[in-house]
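Undergrad: Structure below; questions to follow.
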Amino acid sequence: MAEYIIRRTFQMTIVFFLFLVFSYLLFNAIPGNAFSSLLLNPNLPPDAYQRVLEIYGLDKPLLERTQMYIVNFFKGDFGYSYKYFPKTPIELIAERLPRTLMLFSIVNIVAFYTGFFIGKVLAWRRGSKAETWITVTSVFSYTVFYPWFALMMLWVFGYKLGWLPIGKFLYPEKWYDAPFDSDVVFTSMIKFTVVVSLIQFAAYLASRGIESLSLRRNIRFVSLIAIFIGSYFYWNNGEALLQKPYASDIAYHMILPVMVVTVVAFAGTALLTRTTMMEVLKEDYILTARAKGISQKRIRDRHAARTALLPVVTSFIFTIVTIIDGSVLTEQIFSWPGMGQLLLQSVLEEDIPVAMATFSFVGVFALIAHLLADVSYSYLDPRIRIKSQG
Amino acid sequence: MSKDVLVVKDLNMHYETLSGDVSAVKNVSFTVKEGESFGLVGESGCGKTSVAMSLLQLQADNAKISSGSIKLDGIEMVGMSESELRKVRWDGISIVFQGAMNAWNPVVKVGEQIREAIREHYPNNTKIQNTEKIESLFKMVGLDSTIMDRFPHELSGGMKQRAVIALALSCDPKVVIADEPTTALDVVIQDQILKEIKKVQELLGLSLIYISHDIAVIAEMTDKMAVMYAGSIVEKGPTSEIFANPQHSYTKSLLASTPSVVGDKVKLNSLEGEPPSLIDQIEGCSFAPRCPNRNTTCHPELDMELVEVGPDHFVDICSASRN
């Protein structure tokens, strides 16, 4: 396994190198550059444009620039943003990333669980009236033109009903006298979410070895209650209490995008789960499980859904890869200032260092997700063992 | 005199299909005593497995038990609710399925799958108790206890089948159904598995229902047997009696089609024709169209009914009345 990961990392480095070279060349193939507008400004001395190009090294031949960029990239130097000069791309990303990560990790987790749950119930209740209707709805939400759907939801919930905010991730007027930056709040929200899920995961792992099913269920239930009580105390004490109104403001703004993207994203998982699980339900070991006298719910979850999980997880991991590029559209519609908007802006403004940095971030993310997918297979399906050779 | 463990009386089961009802099990009655092994033999599609599935009521969704009674230890099982049935399954009647290869969930460890069954029926057992139980089961069927932590694909076909037997015994059932447990195995392993089942059955005093199309295996394994044709039992009685003195024409044909290892090579008899479609309502003797022994004293128009021709030896009225 370790050998496999090392070999894959080596391969990934080569792929990433090629990725960098090609994207750099492609960005430079865009006609003009970020500073072309200086030429149009009559108040500037005529040599200003040329001097700016020299400062950024844009007067050098393309191949030399590419070589320099790649070398500097691996040294950890990503240059400066052309548009927000003293800031480096890393600073810009660090500011935007928590916003996107918070929104889309929640969307993906919610979409995956609802999709998986609905899918397995659909397969289990095959042929019932409810199954037909939910399947039809899922197909609708899977195929609906997403921007239109998002705008319709904004119109209904934001404008007509007025329940939820129209776009943006906070009410600026609330934040005038805020003692800290929105990113601080975002970071602490992410930290909180991660800690909560780790605790729940630990409770799950700890209760796995317990023989009595009812005790196992009780322990998980108690841990859930403990998390609720714990988070109540966390948000009402110390620094978190100060951040609470701001955090809730962000959370309030998150409701609509999370809802809309979930509705669109869950359907793929649900339909895929339904199909694979219907195949699994025909297997002999489901009959064995029934003959053993195991409860229907346990057969569904433990035997059928567990085996059907593999293709679903595969598709889910590939969805994660699209978090950032998928966020372009969503963030544009909901005016959510995250990575997606940064990416779009930097490309439009030909802010090459920033665009390159965001794209390579997406690239690294995709490569790692694929590696994770391969590694998780061997855990999910013991029949797949990663070979050291070949 | 040992008591009757399983009493099946006039069991009827049919599949509802688009082209009409298929009567897979027709008026099947038999009794299995404690510690006795009972064989059910017949060709493919004659309803053997349907009988087994009806006993556990695990039949497909479109299959309905229309009438009859199945009594386990005097308790009626037909018409039980799902949760009552769940208690009886595995604890009262367990089954060794046809394809042991696919009887295991590929992503769960073998030990865990057995543990799951025990946990369901003995919820108060501790982990150590269950582990000991599984170890003793594995020992009984000749498996190493390390197999517990293996995944099914890591076992050979014979090992899987042995583990399936261990699984079937895990809740100390009263009756074990073995539904062609050796179909997918090669002859050497088949023999080992059969010996294993025989040994375990005698050791634990189990009631065994052995289902097979191989009449030789039935001869070796069972005390009593029944021959099925087109959904109904055409002859039943003590195995030795049926082999010595077969009465029904179908039983005779089955016996004549079995090769003998000793002696000269002889051409085996085979039956002409096909078994009847079970969708059509069959009047009278279902075997009459293929019967090689038809003569003028036959009464194929008589409704099928078993009559006693010897001690505990029953045969269909059509064959019984023939001279």
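The values are calculated or read from the model by the stated rules, or taken from the named source; none is laboratory data. Values in this document were obtained by computation on a predicted structure and should not be read as measured data. Don't worry about glycine lacking a Cβ; one is built from the backbone with ideal geometry, like all the others, and counts go over all protein chains shown. Each accessible area value is taken on the protein alone, full model and side chains, heavy atoms only, with ligands, DNA and RNA left out. Shrake-Rupley method; radii C 1.70, N 1.55, O 1.52, S 1.80 Å.
Undergrad: Has the stretch A:185-202 got at least one residue that is open to solvent by less than 60 Å² (accessible area, probe 1.4 Å) and under 30 Å from B:THR126 (Cα atoms)?
TA: Within the stretch A:185-202 (the criterion being open to solvent by less than 60 Å² (accessible area, probe 1.4 Å) and under 30 Å from B:THR126 (Cα atoms)), the answer is yes, since at least one residue qualifies.
Undergrad: Moving to a separate point now. Only residues that are within 8 Å of chain B (Cβ to nearest Cβ) and touching a helix residue (DSSP H, G or I) at 6+ places or on another chain (Cβ under 7 Å): list them for the stretch A:265-292, please.
TA: Once the filter is applied, which keeps residues that are within 8 Å of chain B (Cβ to nearest Cβ) and touching a helix residue (DSSP H, G or I) at 6+ places or on another chain (Cβ under 7 Å), the stretch A:265-292 yields A:GLU283, A:ASP284, A:TYR285, A:ALA289, A:ARG290, A:ALA291, A:LYS292.
Undergrad: So how many residues does the stretch A:362-384 have that are more than 23 Å from B:ARG150 (Cβ to Cβ) and either among the aromatic types (Phe, Trp, Tyr) or within 14 Å of chain B (Cβ to nearest Cβ) (or both)?
TA: Residues of the stretch A:362-384 that are more than 23 Å from B:ARG150 (Cβ to Cβ), as a first pass: A:362-374.
The next check asks that each one be either among the aromatic types (Phe, Trp, Tyr) or within 14 Å of chain B (Cβ to nearest Cβ) (or both); those that pass are A:365.
The number of residues fulfilling the criteria is 1.
Undergrad: Still on this structure, please answer the following. Using the structure shown, decide if B:ASN124 is at negative phi, facing chain A (nearest Cβ under 10 Å) and touching an Asp or Glu at 6+ places or on another chain (Cβ under 9 Å). It would help to see each step written out before you state the result.
TA: On the way: at negative phi: yes; facing chain A (nearest Cβ under 10 Å): yes; touching an Asp or Glu at 6+ places or on another chain (Cβ under 9 Å): no.
No; evaluated as a whole, the condition is false for this residue.
For every residue, the table says whether it meets (1) in contact (Cβ under 8 Å) with a residue 60 or more places away in the chain; (2) assigned to a helix (DSSP H, G or I).
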{"site": "A:PHE78", "(1), (2)": "yes, no"}
{"site": "A:TYR82", "(1), (2)": "yes, no"}
{"site": "A:PRO86", "(1), (2)": "no, no"}
{"site": "A:LEU97", "(1), (2)": "yes, yes"}
{"site": "A:THR100", "(1), (2)": "yes, yes"}
{"site": "A:LEU103", "(1), (2)": "yes, yes"}
{"site": "A:ASN108", "(1), (2)": "yes, yes"}
{"site": "A:ALA111", "(1), (2)": "yes, yes"}
{"site": "A:GLY115", "(1), (2)": "yes, yes"}
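Undergrad: Only residues in the stretch A:265-279 that are within 17 Å of A:ARG125 (Cβ to Cβ) count as the first member; pair them with residues that are basic (Lys, Arg) and open to solvent by less than 30 Å² (accessible area, probe 1.4 Å), Cβ under 8 angstrom, at least 6 apart or cross-chain, and list the lot.
TA: Every condition considered, the pairs that remain are A:THR273/A:LYS120; A:ARG274/A:LYS120; A:MET277/A:LYS120.
Undergrad: Being at pLDDT below 90 and either more than 30 Å from A:ILE299 (Cα to Cα) or surrounded by 14 or more Cβ atoms within 10 Å (Cβ to Cβ) (or both) narrows it down to one of A:ALA111, A:ALA130, so name that one.
TA: Within the list A:ALA111, A:ALA130, the selection yields A:ALA111.
Undergrad: Does any residue of the stretch B:47-64 turn out to be assigned to a loop (DSSP other than H, G, I, E, B), at pLDDT 85 or above, out of contact with any strand residue (DSSP E or B) (no Cβ under 8 Å at 6 or more places or on another chain) and more than 23 Å from B:LEU206 (Cβ to Cβ)?
TA: no
Undergrad: With A:THR319, A:THR288, A:THR269 as the choices, which residue is in a helix (DSSP H, G or I), open to solvent by less than 20 Å² (accessible area, probe 1.4 Å) and closer than 30 Å to A:LEU154 by Cβ?
TA: A:THR269
Residues are listed down the side, and each one gets a yes or a no for (1) outside any helix (DSSP H, G or I); (2) open to solvent by 50 Å² or more (accessible area, probe 1.4 Å); (3) closer than 14 Å to B:GLU235 by Cβ; (4) not hydroxyl-bearing (Ser, Thr, Tyr):
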{"site": "B:GLN281", "(1), (2), (3), (4)": "yes, yes, no, yes"}
{"site": "B:CYS285", "(1), (2), (3), (4)": "yes, no, yes, yes"}
{"site": "B:PRO289", "(1), (2), (3), (4)": "no, yes, no, yes"}
{"site": "B:ASN293", "(1), (2), (3), (4)": "yes, yes, yes, yes"}
{"site": "B:THR296", "(1), (2), (3), (4)": "yes, yes, no, no"}
{"site": "B:PRO300", "(1), (2), (3), (4)": "yes, no, no, yes"}
{"site": "B:ASP303", "(1), (2), (3), (4)": "yes, yes, no, yes"}
{"site": "B:PHE314", "(1), (2), (3), (4)": "yes, yes, yes, yes"}
{"site": "B:CYS318", "(1), (2), (3), (4)": "no, no, yes, yes"}
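Undergrad: May I pose another question? Please go through the stretch A:57-90 and pick out each residue that is on the phi > 0 side of the Ramachandran plot and either crowded, with 17+ Cβ neighbours inside 10 Å or not small (Gly, Ala, Ser) (or both).
TA: Within the stretch A:57-90, A:GLY79 is the sole residue that qualifies.
Undergrad: Moving on to the next point. Touching a residue at least 24 places away in the same chain (Cβ under 8 Å), part of a loop (DSSP other than H, G, I, E, B), of a type outside the set (Asp, Glu) and farther than 30 Å from B:LEU271 by Cβ: which single residue out of B:SER2, B:SER69, B:SER44 fits that description?
TA: The conditions single out B:SER2.
Undergrad: Just checking, which of A:LYS191, A:LYS168, A:LYS160 is in contact (Cβ under 8 Å) with a residue 40 or more places away in the chain and away from every other protein chain (no Cβ under 14 Å)?
TA: A:LYS168
Undergrad: Identify, please: which residue in the stretch B:94-114 is in contact with a helix residue (DSSP H, G or I) (Cβ under 6 Å, 6 or more places away or on another chain) and not in a loop (DSSP other than H, G, I, E, B) and is, among those, nearest to the other protein chains (Cβ to nearest Cβ)?
TA: Only one residue tops the list, namely B:ASN102.
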